[in-house]
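Read the figures in this text as sums done on the coordinates, not as results from a lab. Just so we're clear, the structure is a prediction, and the values are computed from it rather than from any experiment. Here the Cβ positions follow ideal geometry from the backbone for every residue, glycine too, while neighbour counts run over all protein chains shown.
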Amino acid sequence: MSKEKLGLNTICTHIGEVKDEQFKGAVSPMYLSSSYEFLDVDVKRYPRYFNTPNQEFLSKKIAALEHTEAAMIFGSGMAAISTMFLAFLKQGDHLVVQNTLYGGTVNFIKEEFPKYGIEYTFTSGYTIEAFEAAIQPNTKLIHIETPSNPLMTITDIKAVALLGKSKSIYTSIDNTFASPVNQNPIDMGIDMVMHSATKYFGGHSDICAGAVASSEEHILRIWNVGKNLGGSLSDMTVWMLERSMKTLGLRVKAQTKNAMKLAKWLNKHPKISKVNYPGLKSHPEYKLAKSQMKGFGAMLSFELSEDLESYKFQKELNLIKSSMSLAGVESTMLSPHLTSHALLTQQERNAIGISDQLIRFSVGIEDIKDLKRDIDKAINAISK
């Protein structure tokens, strides 16, 4: 089957299947063995080597979706990104990293890099000038996230990729929020793409996983570190993830459509002071987002007016869940200052624009009228 000629939903459905040669079942069989034959075999399989049948074939689906030669799956998004960092950075090296970034990644860099003697600089912004200014003579990797969590800032992917190539610096991106349905950074020159597969790949709030997609050369380098760190994924979860990814295109497109409608509605709401969504023409990087994204994604954030308390607002929601994660088929909201960015200081959050009034909204597949009604009821319940 030639993946280059296949459409998105066909790739989601068929690439990466494990063929059931014995019983001809319609879905992939699950291989739960943790021990495999080593005599007279082409591949010596072992779960920690990321090469059990289910692990190997699911990686092919992810690579096909991100237009790369190879991919790896991990036990979590943080396992994926930390392994990628440690594969390309060593003592004395320097990382340039975007300042608007997932809090867990920020925390890993600040807590773990000093132990390894790895230097880092957070950019002063997310313009290409900010990235260029942060580069040092020993910079080996530039890492970006676009759209960013939770402010939905947009970084120029092509410009960062060109900057990296011009200085022989590797580039990587967290593509979780966009998903390969809405954005393919490899096509724009980025070297490595990572995902928290817990999110849109899983899509049902019942899987914890991560992924990195890149060239075979880069994936081999990541594998050499990953096999020692041991962040592999159980085959039960791998099977569940492959099943979930069959509907990735359908789910994300439906969620993206809903998010666009809700962003426009919230932008006109009298009790909402600001909406962050790259699909709004009022977004500072709307034109850039339009040029590099196929869809604007299903994530947005907004700030409640000063007379409303974000905690009380979320307590009054009935249909929309207050939940730590995102990207499930059900809509969820959270306060970044209490969750994803709680490990940052108040000063650090203020510096990057994360206020206590900010709500991150992961839009699901529900009917729009029901989501609007739920938000209005919650606001009305706490309005003075």
Partner aspartates and glutamates whose C-alpha sits under 18 Å from that of LYS312, ignoring same-chain residues fewer than 8 away, are GLU303, ASP356, ASP374, ASP376
Beyond 22 Å (Cα-Cα) in this structure, taken from LYS165/LYS287; LYS261/LYS281; LYS61/LYS167; LYS19/LYS294, we find LYS165/LYS287; LYS61/LYS167; LYS19/LYS294
Between the residues ILE382, ALA342, GLY364, the Cα farthest towards the positive end of the dipole of the range 249-382, that dipole coming from +1 and -1 charges on the beta-carbon of Lys, Arg, Asp and Glu, is from GLY364
Which of GLY230, GLY295, GLY25 fluctuates most in a GNM of the chain (C-alpha springs under 10 Å)? That residue is GLY25
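Explain nothing, just the number: dipole magnitude of the chain about its Cα centre with +1 on each Lys and Arg Cβ and -1 on each Asp and Glu Cβ, in debye rounded to the nearest 20.
Dipole about the Cα centre, nearest 20: 960 debye.
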With only helices counted (DSSP H, runs n ≥ 4, each -39500 (n - 2.57)), the per-residue ellipticity at 222 nm for the chain, to the nearest 500, works out to -11500 deg cm²/dmol
Using alpha-carbon coordinates alone, the radius of gyration and Dmax of the range 7-165 in Å work out to 19.6, 59
Everything considered on the Cα gyration tensor (a ≥ b ≥ c; rounded for a/c under 1.5, else prolate if a/b is larger than b/c, else oblate), the range 214-256 must be described as oblate
Packing-ranked peptide list from 66-79, 98-111, highest mean Cβ count within 10 angstrom first, is 66-79, 98-111
With Cα springs under 10 Å, the Gaussian network model of the chain assigns the largest mean-square fluctuation among GLY125, GLY226, GLY16 to GLY125
One would report the Cα pair-distance distribution of the range 249-382, bin width 5 Å, in %, as 2, 11, 20, 24, 22, 15, 6, 1, 0
In a Gaussian network model of the chain with springs linking alpha carbons closer than 10 Å, the residue among PRO270, PRO47, PRO185 that fluctuates most is PRO270
Residues whose built amide H sits under 5 Å from the amide H of PHE74, excluding neighbours closer than 5 in sequence, are GLY210, ALA211
Taking Cα atoms only, helix 248-267 is inclined relative to the longest principal axis of the chain by an angle, in degrees rounded to 10, of 20
Quick shape check on the chain: root eigenvalues a ≥ b ≥ c of the Cα gyration tensor, a/c under 1.5 is rounded, otherwise prolate if a/b tops b/c, else oblate, and it reads oblate
Shape call for the range 189-312, from the Cα gyration tensor axes a ≥ b ≥ c (a/c under 1.5 means rounded, otherwise prolate when a/b beats b/c, else oblate), comes out prolate
Here the percent of antiparallel bridges among DSSP beta bridges lying wholly in the chain, to the nearest 5, is 55
